[in-house]
Amino acid sequence: MKKKSKDILITILSITFYLVLLIINFLAYFTLSQRREKSFTKFTYQNLNEEYVKSKEKFPDDLDIFPSNYLEVVEKNNLNIVQKNRVELLRYGSTVVNQQRTGNYQNVLHSLLNTNTQILLNNQILSIYFKTEIEDIKNELMQKDFKNRRKLFEKISKRKLVEIEYIEDLLENSTDVFNDSLSANDMSVVSTIQSRSSTTEKLESSSKIEVDVNKNLLSRMIDLSQYLVNQLERMGIKNSKLLELNKNLLSLQENEIEREVLEKILLSQQYNLDNVQILLTTVKEGDSYNLFATPYIAKIPILPEINDNNMLEEYDVEPLPLQGGEIRLPIMMYHNISEPIPNDPYLLYVSPEIFEKQIAYLVKKNYKILSVEEFNSILESGVTPKQKSILLTFDDATPTHYSVAYPVLKKYGQTGTFFMIASRSLLNHQQIKEMSDGGMDIQSHSNTHAYFHKISSAAINEEMATSKSKIEEITGKPVTLLAYPGCSADYRSFDIAKNNGYTAAFSCGRYIDIKLDKKYYISRVHAYNDMESFVKMLSVGL
Ligand SMILES: [Zn+2]
């Protein structure tokens, strides 16, 4: 009896226990599915993609002149800038510079930091950081947490299993989510990257690091990492790498970026690639632009190619039609590169600011600014070149040619033709020699600035011969071009110039075409202190 009642009690207790368990299970299931309704919705990006692609197509900047720190960045890092780079920088606000000496990302980064160059954290670096971090997190979770949980829930809860599988899928595909919005270039770079360990190497503390990332791209990364954090938390998983990734991305968005975060992002690029280059990018700060450098892992060119066969393209003013027997080749004439000169009725000045804008405009439009040698070979060929070409001439060799024109031309990697009065130059021989050695062409503007139509043939001959030999002695280079003083010359001068070994001679005028039968009386147009007349002159003359 005692035993029997004990059995009954056990049975009742057992039934009660199972009932309670059933109720708890039911309640738990009910609550979980409620929560699941709220938080276990699939992750989507919706319309963000279209907006992002649009913002990527638009080129960031369209510069009038190079940023004020351009020369500093280029010289400090000994960058090999070519014409293509200059055109791209002015047109698109960024360019990739080839660096022969560099081998891997870390080397480039440290060479920039050693010269204390401002580093830019751009979209490419951020994308690589994000994708490689996610790759690491995925591997870690798959190996430990998900493996264990999968075993645990395989028998008890189908629902839990579905959740795990979903997160696994999401992690597996999360880097693909960004594939649509990354450029082909970013894609191929990212695809070469495998999981890697982080570095212990530190950055130079003096270097400045700027952040310039697409806000849309960044917010998408934050969305995904935040979503993953929430989902894992719900499953009772806390992944420190994921939390850190999320925290780092958030700090980028809030512009409260800690140095350590930037170091982590920059130095997470551990891989070696053959072709690490330097990306130069301009960033607008207030009204001015700043040039930043950043290592760049180039795979595919991302900018439109610069067209050198552009004689018939890209004019802001409809150009005159080309004529047979003529060469389209505007020749600009400058006098002072200075602020307005009081009581100057001829307006023979262009301010330093406008002058730089004019040179930058020519570079941006991919004009070939000719050396004397290049000019002579076009003249000899008798054909209009395929690339827009121009000769920049400066009369009288005034002090501003040395102090303003020469530095600006050097900054833009261009050359000028300076017509010097041999016997009374305002620049001393050292300055003339320095300009000549620096890639400028020094040519003849006569010996004494005598007006040729007012003097004898013998005197004209003397002016031409003496100036030629004097200037050649200073520069050690041939003098083949002559600019008539006061633009005045008569038919006698043409033969005398030819007999003295000049290949061409210049007057003043309104035309931008060279008539092949008038090489000793070529028209030059005067550049004035504004952009509008300058741009018009390039197409139609004065
Ligand atoms: Zn003159």
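For the reader, a short list of remarks on this structure follows.
- Segment 235-389 - charge dipole about Cα centre, Lys and Arg +1 at Cβ, Asp and Glu -1, debye rounded to 20: 640
- Residues whose amide H falls under 5 Å from that of TYR289, counting only those 5 or more places apart or on a different chain, are SER68, with hydrogens built in the peptide plane.
- Amide hydrogen proximity for PHE506: with H placed 1.01 Å from N in the peptide plane, the residues at 5 or more positions away or on another chain lying under 5 Å are LEU482, ALA483, TYR484, ILE522.
- Amide H contacts of HIS526 (H built 1.01 Å from N, under 5 Å, at least 5 apart or other chain): MET333, GLY509
- Separation of the ASN148 and GLU314 label points, Cα + 7 Å toward Cβ, nm: 6.2
- Calculated from backbone phi, Karplus (6.51, -1.76, 1.60) coupling profile of segment 112-120 in Hz, x at Gly/Pro: 5, 5, 5, 8, 6, 8, 5, 9, 10
- For the listed peptides 482-494, 412-424, a ranking on the average number of other beta carbons within 10 Å per residue, highest first, reads 412-424, 482-494.
- Estimated FRET transfer efficiency when R0 is 56 angstrom, pair GLU380-SER288 (beta carbons, to 0.05): 0.80
- Net charge, THR393 excluded, C-beta distance under 12 Å - Lys, Arg +1, Asp, Glu -1: -2
- Each of HIS453 and GLN430 was given a label point 7 Å from its Cα along the Cα-to-Cβ line. The distance between the two points is 4.1 nm.
Read-outs: derived from the displayed coordinates by stated rules, not from any lab. Here the structure is a predicted model, which is why all the values come from computation and not from measurement. Because the Cβ atoms are built from the backbone with ideal geometry, glycine has one as well, and the counts that use them run over all protein chains shown.
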